[in-house]
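Asks: Sharing a structure with you now.
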Amino acid sequence: MEQNLIGKNAGLLWNLLNEKKCVEAEELRKESGLNAAEFWAAIGWLSREEKLVYTAEKVGRKTVKKYALA
């Protein structure tokens, strides 16, 4: 995957997070329309730039992973 595509996908995720504030990881992936590799590469890009806040909380037996903008 080329760097320009990863940056473009990171921008897509940033815009989605800017609209929604805090989103569950799987919901964010589905809304973005990115495949798993593209999604996680974009998350890595935003994380590296310290643009994301990650939280995980237990809901029953499930751990819900959420992302928001820093």
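The values are calculated or read from the model by the stated rules, or taken from the named source; none is laboratory data. All figures in this text were calculated on a predicted structure; none of them were measured in a lab. Just the protein is used for accessible areas: all its heavy atoms, side chains included, with ligands, DNA and RNA removed. Shrake-Rupley method; radii C 1.70, N 1.55, O 1.52, S 1.80 Å.
Asks: Given (1) open to solvent by 80 Å² or more (accessible area, probe 1.4 Å); (2) part of a helix (DSSP H, G or I); (3) of a type in the set (A, V, I, L, M, F, W, C), identify the lone condition not met by Ala10.
Replies: Of the numbered conditions (1) open to solvent by 80 Å² or more (accessible area, probe 1.4 Å); (2) part of a helix (DSSP H, G or I); (3) of a type in the set (A, V, I, L, M, F, W, C), the odd one out for Ala10 is (1).
Asks: Mind checking which residues of region 11-58 are farther than 14 Å from Ala70 by Cα and of a type in the set (A, V, I, L, M, F, W, C)?
Replies: Leu12, Ala25, Leu28, Leu34, Ala36, Ala37, Phe39, Trp40, Ala41, Ala42, Ala56
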